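Remarks on the structure that follows.
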Amino acid sequence: TLRGGWNAIYLHGDMPQAGLDSILADQPAVLEVWRWNPNPSPAQFESSPLIPSAAAPEWSRWQRSNPGAATLNQLTGQASYLVRCAGASTSTYSLQLVQKIRPPASLWVRNGANFQGFPSRLSGASYPLFSNYFATFPAAIATNSRIFKYVGGDLGPGNPIQVFAPNFEPLDRNQAYWFEAAVVGDFYAPLEITPSSPDGLHFGRTGSRFTVRVRNRTSATVTITVAPQSSLGAPAGQTPITGAVPITRRQLDAATAAVQETALDTAFTQVIAPQSAIELEFGVNRALMTGSGGAFYASFLRFTDSGNLFDISLPVSASVGSLAGLWVGDVYVNRVQSRAPGSPGDSTSRAFPLRVLLHVDDSGVARLLSGVFLGPLADSPGGTAGLATREARLKADAKAQATRFVSTQLPPDTELSTGSGSVALGSTLVRTLTLPFNERTNPFVHAYHPDHDNRDARLQPVGAGVESFTVTRACSFQFTVQPPDGVPVLGWGASVIGGNYSETLTGLHRLPITVGGTFQLRRVSEIGTILLD
């Protein structure tokens, strides 16, 4: 709410969706907007705070009467503004500013002017008092410090006015205040909330984990409440929001020494001892992000405290990424069907690993490979890194920079791209390998053994079913939305995928033989193209 004359507001978030000309087009009462740019050179108060001046580097301005001379075009977050409106101080105007939230931040300069706002909490119908909010930063409201607030009207003795009684003055989170105090620091709230990324919890296409450090600066035990919050719809010109980010909370189970990851659907509380800090860990359940590739999800994590002092929101976002690229991992075979009479079962004493190389191209075609090279390519401009199945496609003088991946369970030069299914959480991919009876890698064939060389006593070739048989391997990869053993895996669904594996072999026995187990693949490259010759 603005009054006629000069007002001071504080924005906790950015407004990248539009310029000031557009934002204030339907607000003719707003005549000027000035943004305070903290300057390292201290500016001292005399009898009142600085009067805005276009020549001062501390100020950027927008004026309705002279938009061409504007040095302020957009509203940015964690910043203080002076806004001049038409009319007398008794006139009121409502201005709605839809902001893109930013994590809190503050920087105080020593012995100078500080134009600040704070994420105080609105509890019921009242804000917290200055004295309570700044109890852990008393220098800001000490008797030798001065605080000014704007109340509307022209600049002069009646606006801004000095706050003489911090014990009775509420701290409005939407207002900015002038402080003159012999202090320096980064205080913005009695508790410091610091995400591991300064911009917030932005998981992007492949991110999996963020930590948030919460430090209790007070001398009392504090209980904080952390709650997921939905975002408003994106303004025009911004990326549309598909839905809220499916946030998870990651905690160490002391009994099992394993990380437990649970959906953060409702608020939880956390007790923080005096003068101490904790770390909270959050993840994202990408299996619940069912939008198409590139779909954008956004929401907030809201932090409030038991003392009703602050209300801080951290932005959270994630995008549905493509699974294109090269995936490398292993199948762990732990079940083998036995055709021997009276066999006790199909469980193995331990799992047998089978190396898997899987490439998914940009169009979604999945290829099961026996070998692939990752390195500078001869035909690419400047020797850009790429993928190829032949060493000859690498840049000759840069082979030392390349990496070779091999799957010895498949015959050399194998590339299986036809079959059913796709690589996606909840889907099943099937690829079938056929080993002809006369293939050198067929397990029945031995080039130098007369009983397994597919020749008769006169060294004449014989057909299938005499000395060897055609063998087929139908390999099935069922991608699960969660790790098959139930143990959380960092990056599951983005940089790590896996699930249940089964394979049916025919030709080794008169009856098909089935083996099974689990598999896990990690993405080693996001390159969605591969040279196959």
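The values are calculated or read from the model by the stated rules, or taken from the named source; none is laboratory data. Values in this document were obtained by computation on a predicted structure and should not be read as measured data. Note: ideal-geometry Cβ built from the backbone for every residue, glycine included; neighbour counts use all protein chains shown. All accessible areas refer to the heavy atoms of the entire protein, side chains included, with ligands and DNA or RNA removed. Shrake-Rupley method; radii C 1.70, N 1.55, O 1.52, S 1.80 Å.
Quick look at the numbers
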| item | result |
| --- | --- |
| Set 101, 141, 193: member being surrounded by 17 or more Cβ atoms within 10 Å (Cβ to Cβ), over 37 Å from the mean Cα position of the chain (by Cα) and either modelled with pLDDT under 90 or under 29 Å from residue 235 (Cβ atoms) (or both) | 141 |
| Residue check, residue 489 β-branched (Val, Ile, Thr), surrounded by fewer than 16 Cβ atoms within 10 Å (Cβ to Cβ) and at pLDDT below 95 | no |
| Residue that is surrounded by the fewest Cβ atoms within 10 Å (Cβ to Cβ), among those in the stretch 196-233 that are among the aliphatic types (A, V, I, L, M) and assigned to a strand (DSSP E or B) | 227 |
| The lone exception for residue 471 - which of (1) over 26 Å from residue 495 (Cα atoms); (2) open to solvent by 60 Å² or more (accessible area, probe 1.4 Å); (3) β-branched (Val, Ile, Thr) it fails | (2) |
| Boolean, residue 125 is exposed (fewer than 14 other Cβ atoms within 10 Å of the Cβ), among the small types (Gly, Ala, Ser), at pLDDT 90 or above and farther than 28 Å from residue 196 by Cβ | no |
| Cross-chain or 6+ apart pairs with Cβ under 8 Å, the stretch 133-157 first and of a type in the set (A, V, I, L, M, F, W, C), then surrounded by fewer than 16 Cβ atoms within 10 Å (Cβ to Cβ) and modelled with pLDDT of 90 or more | 141/131; 147/162; 148/161; 148/162; 151/158; 151/161 |
| Leading residue by the ranking (modelled with the lowest pLDDT) among those in the stretch 104-122 that are open to solvent by 60 Å² or more (accessible area, probe 1.4 Å) and not polar (S, T, N, Q) | 110 |
| Any hit, the stretch 391-410, residues being touching a Lys or Arg at 6+ places or on another chain (Cβ under 8 Å), among the acidic types (Asp, Glu) and under 30 Å from residue 467 (Cβ atoms) | no |
| Any hit, the stretch 416-436, residues being farther than 30 Å from residue 493 by Cα, over 36 Å from the mean Cα position of the chain (by Cα) and surrounded by fewer than 12 Cβ atoms within 10 Å (Cβ to Cβ) | no |
| Selection from the stretch 373-385 of residues that are open to solvent by less than 50 Å² (accessible area, probe 1.4 Å) and out of contact with any Ser or Thr (no Cβ under 6 Å at 6 or more places or on another chain) | 373, 375, 376, 377, 380, 383 |
| Residue in the stretch 294-302 that is under 16 Å from the mean Cα position of the chain (by Cα) and open to solvent by 50 Å² or more (accessible area, probe 1.4 Å) present | yes |
| Looking only at the stretch 398-415, and only at residues there that are open to solvent by 40 Å² or more (accessible area, probe 1.4 Å) and of a type in the set (A, V, I, L, M), the one that is farthest from residue 531 (Cα to Cα) | 400 |
| Of the criteria (1) polar (S, T, N, Q); (2) at pLDDT 95 or above; (3) surrounded by 14 or more Cβ atoms within 10 Å (Cβ to Cβ), which one residue 348 fails | (2) |
| Flag for residue 146 being modelled with pLDDT of 90 or more and either among the charged types (D, E, K, R) or open to solvent by 40 Å² or more (accessible area, probe 1.4 Å) (or both) | no |
| Within the stretch 152-163, considering residues that are aliphatic (A, V, I, L, M) and buried (at least 16 other Cβ atoms within 10 Å of the Cβ), the one farthest from residue 93 (Cα to Cα) | 163 |
| Unmet requirement for residue 455, which otherwise passes all of (1) surrounded by 13 or more Cβ atoms within 10 Å (Cβ to Cβ); (2) under 30 Å from residue 260 (Cβ atoms); (3) of a type in the set (D, E, K, R) | (2) |
| Subset of the stretch 243-277 (residues that are at negative phi, open to solvent by 80 Å² or more (accessible area, probe 1.4 Å), polar (S, T, N, Q) and in a loop (DSSP other than H, G, I, E, B)) | 256, 266 |
| Candidate set: the stretch 57-98, residues that are of a type in the set (D, E, K, R) and open to solvent by 40 Å² or more (accessible area, probe 1.4 Å); chosen: the one nearest to the chain's Cα centre (by Cα) | 61 |
| Among the residues listed as 318, 388, 340, the single one being of a type outside the set (Asp, Glu), over 19 Å from residue 525 (Cβ atoms) and buried (at least 20 other Cβ atoms within 10 Å of the Cβ) | 318 |
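Let's see how each residue does on (1) open to solvent by 20 Å² or more (accessible area, probe 1.4 Å); (2) without any contact (Cβ under 8 Å) to a residue 24 or more places away in the chain; (3) among the aliphatic types (A, V, I, L, M):
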position: 443; (1), (2), (3): yes, no, no
position: 446; (1), (2), (3): yes, yes, no
position: 461; (1), (2), (3): yes, yes, no
position: 481; (1), (2), (3): yes, no, yes
position: 493; (1), (2), (3): no, no, no
position: 497; (1), (2), (3): no, no, yes
position: 500; (1), (2), (3): yes, yes, no
